[in-house]
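Novice: Before anything else, here's the structure in question.
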Amino acid sequence: MPSHAGTSVDGGVTLDNEGRLVVTRDLRRMFDYFLTGIGRVGMAQIQARLTRYLDSLGLSEAAQAEVLDVYRDYIAYRQRVQQMPRADATAAALAQTLQTREALRREVLGVAVADAFFNEDDRMARYLVARRELQHTPGLSDAEREQRLELLERMLPDRIREARQHATLPGRAHVQIERMREAGASDAQIRARREAMLGPDAAQRLAQVDARRDAWQRRYDDYRRAHDRILANPGLAPPDRDEALESLRQTRFTAAERRRVLSLDYVNEMKSRN
């Protein structure tokens, strides 16, 4: 099996207590694994490989026949999909294509198999289409758009929604905390919100990050005051002024910090010019 050399079969076959096939998403994954050979071998060889694999599982002839019946329907569905015209990129066109594919799946595979194979995919696709449409909806405030996005998240399968929420939680927490800061929230309020969203350990780590950031800002602000006093000193010639500024940076910051300070100074200079 050169096209699958060094790999393990993905997915698998599930049977009930009486040895009858239970159609699951894993069955589709198994079919897709063997179908990766398309282009290197013919469809007859792919089915032969699948049959040999089913033999190796020790399935009964009846169970194998059930699997192969579903497989042939799945191949028919894939061929019908390939014949569909390519949709425009608009949300409306994508939604129509999704609806057409869902109907095609139920026609070719049957409702039970179509749902087992594609339920998660369909829900994810509907979510993405609705999200795209929302992103192009004019007249919404940031808060309204965010609220509608949260409602859309409920369209996702639980497994995917939980994974997405876990992945995006730090970013959402950051946005909420920044809004709280702008509204004048106290350190205690910010810490309580972080603990509620991220847990006490993460809240403690972020509090330490805040402390380091605040300490740095105080150092830089103090440096800038001294920096501005040097620039405002009329008794210093340009070479002496530059030397005094460099000495100021040398005495207050490490080499790595000085690179950051020079970058911040450049930004401040650009802002003052504008």
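Novice: Under the condition of being modelled with pLDDT of 90 or more, closer than 19 Å to LEU231 by Cα and of a type in the set (Val, Ile, Thr), which residue from region 248-274 is surrounded by the fewest Cβ atoms within 10 Å (Cβ to Cβ)?
Specialist: THR251
Novice: Another question about this same structure. When the residues of region 1-55 are narrowed to those that are among the acidic types (Asp, Glu) and open to solvent by 70 Å² or more (accessible area, probe 1.4 Å), which ends up modelled with the lowest pLDDT?
Specialist: Only one residue fits best here, namely GLU18.
Novice: Between a first residue in region 106-122 that is in contact (Cβ under 8 Å) with a residue 24 or more places away in the chain and on the phi > 0 side of the Ramachandran plot and a second residue that is assigned to a helix (DSSP H, G or I) and open to solvent by 20 Å² or more (accessible area, probe 1.4 Å), which pairs have beta carbons less than 8 Å apart while being 6 or more apart in sequence or on different chains?
Specialist: Final answer for the pair search is GLY110/ASP73.
Novice: Continuing with this model, one more query. Would you point out which residue out of ALA112, ALA125 is part of a helix (DSSP H, G or I), under 30 Å from VAL70 (Cα atoms) and either open to solvent by 40 Å² or more (accessible area, probe 1.4 Å) or modelled with pLDDT under 80 (or both)?
Specialist: ALA112
Novice: Within region 216-228, is even one residue without any contact (Cβ under 8 Å) to a residue 40 or more places away in the chain, open to solvent by less than 80 Å² (accessible area, probe 1.4 Å) and not in a helix (DSSP H, G or I)?
Specialist: no
Novice: While we're looking at this one, here's another question. From the list ARG132, ARG164, pick out the single residue that is in contact with a Leu (Cβ under 9 Å, 6 or more places away or on another chain), open to solvent by 60 Å² or more (accessible area, probe 1.4 Å) and modelled with pLDDT under 80.
Specialist: ARG164
Novice: Ok, one more. Is it true that some residue in region 68-88 is in contact with a Phe, Trp or Tyr (Cβ under 9 Å, 6 or more places away or on another chain) and not in a helix (DSSP H, G or I)?
Specialist: No: region 68-88 contains no residue that is in contact with a Phe, Trp or Tyr (Cβ under 9 Å, 6 or more places away or on another chain) and not in a helix (DSSP H, G or I).
The values are calculated or read from the model by the stated rules, or taken from the named source; none is laboratory data. What you are looking at is a predicted structure, and each value in this text was computed from that prediction instead of being measured. Ideal geometry is used to build each Cβ from the backbone, glycine not excepted, and the neighbour counts take in all protein chains shown. SASA here: full protein model, heavy atoms, side chains in, ligands and nucleic acids out. Shrake-Rupley method; radii C 1.70, N 1.55, O 1.52, S 1.80 Å.
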